[in-house]
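Below is one structure, written out as structure tokens; the observations come after it.
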Amino acid sequence: MIPALIVFAYLCIVLYIGVFAFRKGKASGEDFFLASRGLGPYVFLLSLFGTNMTAFAILGSSGMAYARGVGVYGLMASASGIVIPLTIFFIGTRLWWFGKRFGHMTQVQFLRDRWECGGIGTFIFALTAAMLVPYIVIAVMGGGHTLEAVSGGWVSYEVGGAIVALVVMGYVFFGGMRGTAWVNTFQTLLFLSFGTAAFVLIARSLGGFDQIMESMKNNPRTAALLTRERIPAEEFFSYMFIPLSSIMFPHISIMCLTAKRIGHFKKTVIFYPLCIGAIWVPSVYLGVVAASQFPGLKPGEADDVIIRLLTAHTPEVVAGILGAGIMACVMASDSQIMALSTMFTEDIFVYYGGKERFGDRVQVWTGRVFVVLIAVVAYLIGVALKDKEGIFELAIRFAFSGFASLAPIMLAALFWKRSTKWGALAASLWVAFAVLGTWWLHNYSEPIAPKPGPPPQPSAVHAPSGPDAPTPPPAAQPPKPPQPPKPVQIFPALGDLFLRGPTNVTIYGYLPAMPMVLISALLMVVVSLLTKPPSQKTLDKYFPPTEKATS
């Protein structure tokens, strides 16, 4: 009960922050959805980073490391530490400038104005909203796992997910973007501190880092987790495309519009890689350590291994405090809910005349009602997926792959004058088809998905007896380490085109994200070259002619 009560106290604190932000807010759409574009440099940095570090970063990465080893850090964290700061610098700053200059509050508003498109913008809104919902579901799942584990089962998964959904809904409902940013700042400071503390305390309880690694290296069942053996090279390379999704996430792009000055982006680009290391290194390490402590967990069950380690190897009060740190990371979905609310209000309600007819006050309340709706939907889906999906795989399959494939659209809109709305439509249709196709392939191939076998047991040695018996060997040979199951062909007639592994579908061994991004870029270019560009007035608006070109 003590760890659970500490986590509940933390939830009350973040709820109060949202209510306090409500008192400081104004009754205008720009204030509720963008905090009046006035976030300072440190709040902007911490809230932008915290927005991107959800349950996927702590629970998902540790659960994946539990099954596949230290190579999980290379899959996401190493590439993200380079790609995400670059996209924020080159794409985020340009979005900020256009938003400040022309009043854009969402990506779709920018794309509609840039390409003179209405219905296509609505389709892009529907696509991005649909792909963002699984990311919000991850928070419900993470909250359910965290509270269930930290309370020793006293709080059930369903009740824990409901509590998280209600708290997040509460402070987003009242505080809007300002409350979301303030809570994210507080939470980011908390879970940045969590990683180091958990790393030190758990390692000390188990005998020290060196002893743990030596023991795992000498254990045939866990030795492979200290290598990249369980991650094929093709899959490893594919993950380089995943961080492209970051700037395309609506909550990240909208957060970029909240900065007070463009200079605030400098600190973000510099410190973002350091923050990623501070979160991912201890999370992956603790996930690997958990494999030696709690063998035999299923993919969905492995998402709470850090909580299991905390409750088993730290005092109750410390486990509660560190559990609150994990909950801080889990609840970073507040920005996704805020983003969906902003998108619906601006891209649908305002675009189709709602603000003109009903005014600012109704616009804000429309956003609040949508917050409640999304929280309820996410909770119901999260409960339905209990122990059926791992957080890491769910995020990669739906959210990350889809949004990474939309990156060519945003790059073309910002930097390629000749790009057209028809190219954007072709790429968006492809992304929708690919995400649905991947989902269908995953479900279709579930019955044939290879399952990991039980860990090998040392075989008994029966030596013959008698005077003629041979001299026994000096020591019994250790059992061979378990090998990861090999992917199987989904359609044997197509060879290795579609392969099914234990948790995902690959294309010739590569994650679907890679061909999705490349084909999206190809469609954007080819269809744009074959169709008519926007009017010269719009082109001059976004690509002003230089004095030399004018003369």
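The values are calculated or read from the model by the stated rules, or taken from the named source; none is laboratory data. Keep in mind that this is a model prediction, so the values were computed, not measured. Don't worry about glycine lacking a Cβ; one is built from the backbone with ideal geometry, like all the others, and counts go over all protein chains shown.
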Expected output for region 278-307 (first residue closer than 16 Å to residue 202 by Cβ and of a type in the set (Phe, Trp, Tyr), partner modelled with pLDDT under 85 and not in a helix (DSSP H, G or I), Cβ below 8 Å, 6+ apart or cross-chain) is none
Taking region 34-72 and keeping only residues that are among the hydroxyl-bearing types (Ser, Thr, Tyr) and either touching a Leu at 6+ places or on another chain (Cβ under 7 Å) or assigned to a helix (DSSP H, G or I) (or both), one is left with 36, 42, 47, 51, 61, 62, 66
For region 504-519, the count of residues that are under 17 Å from residue 448 (Cα atoms), buried (at least 19 other Cβ atoms within 10 Å of the Cβ) and in contact (Cβ under 8 Å) with a residue 60 or more places away in the chain equals 3
* Is it the case that region 197-209 has a residue that's in contact with a Gly (Cβ under 8 Å, 6 or more places away or on another chain), modelled with pLDDT under 80 and closer than 26 Å to residue 378 by Cα? -> no
**Message:** I'd like to know if region 101-113 contains one or more residues that are among the small types (Gly, Ala, Ser) and part of a helix (DSSP H, G or I).
**Reply:** no
Restricting region 278-311 to residues that are of a type in the set (Gly, Ala, Ser) and touching a helix residue (DSSP H, G or I) at 6+ places or on another chain (Cβ under 7 Å), the one farthest from residue 76 (Cα to Cα) turns out to be 292
Condition met for residue 147 (farther than 18 Å from residue 340 by Cα, aliphatic (A, V, I, L, M) and part of a helix (DSSP H, G or I)):
yes
- Kindly indicate whether residue 428 is among the polar types (S, T, N, Q), modelled with pLDDT of 60 or more and within 25 Å of the chain's Cα centre (by Cα). yes
Condition set surrounded by 24 or more Cβ atoms within 10 Å (Cβ to Cβ) and more than 19 Å from the chain's Cα centre (by Cα), scope region 298-314, selection modelled with the highest pLDDT: answer is 309
Among the residues of region 140-169, the number that are among the hydrophobic types (A, V, I, L, M, F, W, C) and either surrounded by fewer than 24 Cβ atoms within 10 Å (Cβ to Cβ) or farther than 23 Å from residue 309 by Cβ (or both) is 10
For residue 47, are the conditions met, namely being within 21 Å of the chain's Cα centre (by Cα) and under 24 Å from residue 147 (Cα atoms)? yes
